[in-house]
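Before we start, here is the structure in question, set down as structure tokens.
The values are calculated or read from the model by the stated rules, or taken from the named source; none is laboratory data. Predicted, not measured: the structure shown is a model, and the values here were computed from it. Cβ coordinates were reconstructed from backbone atoms using ideal geometry, including for glycine residues, and neighbour counts include every protein chain displayed.
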Amino acid sequence: MVEAKNITILGSTGSIGVNALDVISSLGGGYRVVALVAGNNVELLAEQALRFKPEVAVIAEESKYADLADRLAGSGVAAAAGADAVEGAAARDDVNVVVAAIVGFAGFRPTLAALRAGHDVALANKETLVAGGAVVKPLVEGDGPRLLPVDSEHAALAQCLLGTKPEEVERLVLTASGGPFLDAPAEEIYGASPEQALNHPNWNMGAKITVDSATMMNKGLEVIEAHWLFDMPFDRIDVVVHPQSVVHSMVEFQDGSLVAQMGPADMRLPIQFALTYPLRADTKFEGDGFSLVDVGTLEFREPDADKFPSLSLAVEAGRAGGVKPAALNAANEVAVNAFLERRIPFGAVAETVAAVLEDAPDDEPTYDNIVGADVWARRRAEEVISKTQTPSASGSKL
Ligand SMILES: NC(=O)c1ccc[n+]([C@@H]2O[C@H](COP(=O)([O-])OP(=O)(O)OC[C@H]3O[C@@H](n4cnc5c(N)ncnc54)[C@H](OP(=O)(O)O)[C@@H]3O)[C@@H](O)[C@H]2O)c1
């Protein structure tokens, strides 16, 4: 039996947000949504608000306020808009847990607002820890609120670590699907189109993380995320490519045992575990019929650092510390966006990040310096992109 919780969902209209609402519906009982937050998608936000009846629905884009208020008129759900209202929804007094599922650095301030208000955070928004881990970490130490990982790899690690002592752990092993270009030749990947990059073999996710999976930047961001979540030095976090996405990650213990968490590629499982942690609900999703016999073979390979330079760019920025990871993250967000808008070829995403990191500042990771590095890196990335050749309309032969 799991305890009752009042929940704010930041990013309710996204892939994680929609899955989180599905989980809350199936948990039923005392799980109640008290605030929903979206960026732009007023239609879906209003639909969710009319169904889940939170106290408030917040749209970050202020110009959409009147539309939202119209759609919610007479429903008993208050409408609000703008950045302060987003942070207010995260910090409400009546909330127990905040699902942080805004994409990108836009999720940083609202996630901090939730933690500063003392609320547990079910964290999907990995960019917050990548860029701002040094600011987030002190808020969750000791008796502070908990950071409950939603990323499937980190949720897997949290499950493998239940009931263990930190000194027993030798290393963490993150698995990576390898994305849609795992077996494609390097020269073909460079000119891949957005449609090709968005065609992930195993997971159905938002556009930014899907492109990050194709470049393998996602795994690099996850290494930094694991470093902060589990207090683990970088040289004790490994990545293995595992194309089947059945083993979600593993922990190696000091006696040489490897403990792995396995299951279907369904984000509702890690979301649910974050909401019920450390208990398990008896809800079952379509993975109910999941069978290792049907999967048959599990493969594990070394990542190809030459073909996917983003992975090492991220790990190196993580090791360098300071505000380098914030600069890496911002440059990557800008470059992924430029790729999706067909302004740069796929291969130029990693090149842009590398160019920005070359002259990224070396500052201490204070709140102001992190925000400053984010602003600086966005501007610098746009400069690099403006000098990059636009891709051919035909894409690649992949
Ligand atoms: N999808 C997955 O399976 C998965 C797995 C692991 C981790 N994650 C992480 O979870 C986060 C969300 O990923 P996703 O795939 O769900 O992304 P997504 O589908 O693109 O959804 C992003 C959400 O963020 C909202 N948003 C964007 N900018 C905002 C702003 N300035 N203020 C308030 N809301 C804003 C969007 O609202 P509108 O749509 O209304 O504009 C949307 O609800 C990312 O950090 C990702 O790395 C995702």
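Looking only at region 154-162, decide whether some residue is more than 15 Å from the ligand (Cβ to nearest atom), in the same structural domain as residue 344 (by TED's automatic domain parsing), of a type outside the set (A, V, I, L, M) and out of contact with any Leu (no Cβ under 9 Å at 6 or more places or on another chain). Show your work before the answer.
Kept after step one, since they are more than 15 Å from the ligand (Cβ to nearest atom), are these residues of region 154-162: 159-162.
This time we only want the ones that are in the same structural domain as residue 344 (by TED's automatic domain parsing), so: 159-162.
This time we only want the ones that are of a type outside the set (A, V, I, L, M), so: 159-160.
Narrowing the set further to residues that are out of contact with any Leu (no Cβ under 9 Å at 6 or more places or on another chain) leaves 159.
Scanning region 154-162 turns up at least one residue that is more than 15 Å from the ligand (Cβ to nearest atom), in the same structural domain as residue 344 (by TED's automatic domain parsing), of a type outside the set (A, V, I, L, M) and out of contact with any Leu (no Cβ under 9 Å at 6 or more places or on another chain).
The rows are residues; the columns are (1) among the hydrophobic types (A, V, I, L, M, F, W, C); (2) buried (at least 23 other Cβ atoms within 10 Å of the Cβ); (3) on the phi > 0 side of the Ramachandran plot.
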residue: 322; (1), (2), (3): no, no, yes
residue: 337; (1), (2), (3): no, no, no
residue: 343; (1), (2), (3): no, no, no
residue: 352; (1), (2), (3): no, yes, no
residue: 377; (1), (2), (3): yes, yes, no
residue: 381; (1), (2), (3): yes, yes, no
residue: 387; (1), (2), (3): no, no, no
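Also, quick follow-up: Please specify each residue of region 8-57 satisfying the condition of being more than 15 Å from the ligand (Cβ to nearest atom) and either modelled with pLDDT under 95 or of a type outside the set (Val, Ile, Thr) (or both).
25, 26, 27, 28, 29, 30, 31, 32, 50, 51, 53, 55
Quick test of your reading of the structure: residue 5 fulfils all but one of (1) modelled with pLDDT of 95 or more; (2) closer than 24 Å to residue 111 by Cβ; (3) in contact with a Gly (Cβ under 9 Å, 6 or more places away or on another chain); (4) not hydroxyl-bearing (Ser, Thr, Tyr). Name the failing condition by number.
That leaves (1) as the condition not met.
Let me ask something else about it. Within region 106-131, which residues are out of contact with any Asp or Glu (no Cβ under 9 Å at 6 or more places or on another chain), within 16 Å of the ligand (Cβ to nearest atom) and of a type in the set (Gly, Ala, Ser)?
Scanning region 106-131 gives a single hit, 122.
If you don't mind, another one. Need pairs with beta-carbon distance below 6 Å; first residue under 23 Å from residue 11 (Cβ atoms) and within region 259-287, second among the polar types (S, T, N, Q) and surrounded by fewer than 18 Cβ atoms within 10 Å (Cβ to Cβ); sequence gap 6+ or separate chains.
Filtered contacts from region 259-287: 265/202; 283/26.
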